[in-house]
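Report on one structure; see the data block that follows.
The values are calculated or read from the model by the stated rules, or taken from the named source; none is laboratory data. Just so we're clear, the structure is a prediction, and the values are computed from it rather than from any experiment. All Cβ positions, glycine included, derive from the backbone under ideal geometry; neighbour counts span all protein chains shown.
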Amino acid sequence: MNRCQEIAETYRAVTIKGAWYGPTVAELLERISPEVATTAPAPGAHTIAVLLQHLLLWNERIRKTDADHPMPKWEAEKEWAEAAIAWNELVPRWKHSRDLLEERMRNFPFEDLGKQTPGRTYAYEFMLNGIVQHTIWHSGQIAMVLNMVQGR
């Protein structure tokens, strides 16, 4: 197994099954109704749907980044400003995006891991590891919001 496949396996573990720290994103999604997904745990806090849509956005950014399509400039004010996607559409879109990103990781040219990510100052390997960490971070938030909303 090469490094690209290792990263893909780690991504699979945190999104589908096998995370060492608790439920994966997919395992959490099985427990979430549309009502729970769109309920904020506190005024001004992100809902589960907003967090999942954020994960979808970043999956697509990373999946599409290549020499012809540099990673877009990060703009804090636009990061959470996407129009909401309905929960019954969002979940399948995230799953499809997740599958496509894992496939891209698995088939990523090993010799390109050290190359600079277009539009960034770091290597592809750093970016691919970063999306795994990003997913873990937000899955923890999803789990916390789920507990807060269901605990009402």
Subject >> Residue list for segment 1-49, filter: assigned to a helix (DSSP H, G or I), more than 18 Å from ASN129 (Cβ to Cβ) and over 12 Å from the mean Cα position of the chain (by Cα) >> reply: GLU27, LEU28, LEU29, PRO34, GLU35, VAL36, ALA37, ILE48, ALA49
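The rows are residues; the columns are (1) in a helix (DSSP H, G or I); (2) surrounded by 15 or more Cβ atoms within 10 Å (Cβ to Cβ); (3) within 17 Å of the chain's Cα centre (by Cα).
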site	(1), (2), (3)
GLU111	yes, no, no
ARG120	no, yes, no
GLU125	yes, yes, yes
GLY130	yes, yes, yes
GLN133	yes, no, yes
HIS138	yes, yes, yes
ILE142	yes, yes, yes
VAL145	yes, yes, yes
**OP:** Kindly list the number of the only condition in (1) within 27 Å of LEU29 (Cα to Cα); (2) touching a Pro at 6+ places or on another chain (Cβ under 7 Å) that fails for GLY119.
**Re:** (1)
Original post:
Name the residues in segment 50-82 that are in contact (Cβ under 8 Å) with a residue 60 or more places away in the chain and closer than 18 Å to ILE136 by Cβ, would you?
Top reply: LEU51, LEU52, HIS54, LEU55, TRP58, ASN59, ILE62
**OP:** With respect to GLY119, determine if the residue is free of Cβ contacts under 8 Å to residues at least 60 places away in the same chain and either under 16 Å from GLN5 (Cβ atoms) or in contact with a helix residue (DSSP H, G or I) (Cβ under 7 Å, 6 or more places away or on another chain) (or both).
**Re:** no
Original post:
Considering segment 28-59 alone, what residues qualify as being surrounded by 15 or more Cβ atoms within 10 Å (Cβ to Cβ) and not hydrophobic (A, V, I, L, M, F, W, C)?
Top reply: THR38, THR39, PRO41, HIS46, THR47, GLN53, HIS54, ASN59
**OP:** Identify the residue in segment 70-82 that is surrounded by 12 or more Cβ atoms within 10 Å (Cβ to Cβ) and farther than 17 Å from VAL50 by Cβ and, among all such residues, is nearest to the chain's Cα centre (by Cα).
**Re:** MET71
Original post:
When the residues of segment 65-92 are filtered to those that are closer than 22 Å to ASN129 by Cα and not in a loop (DSSP other than H, G, I, E, B), which remaining residue is modelled with the lowest pLDDT?
Top reply: ALA76
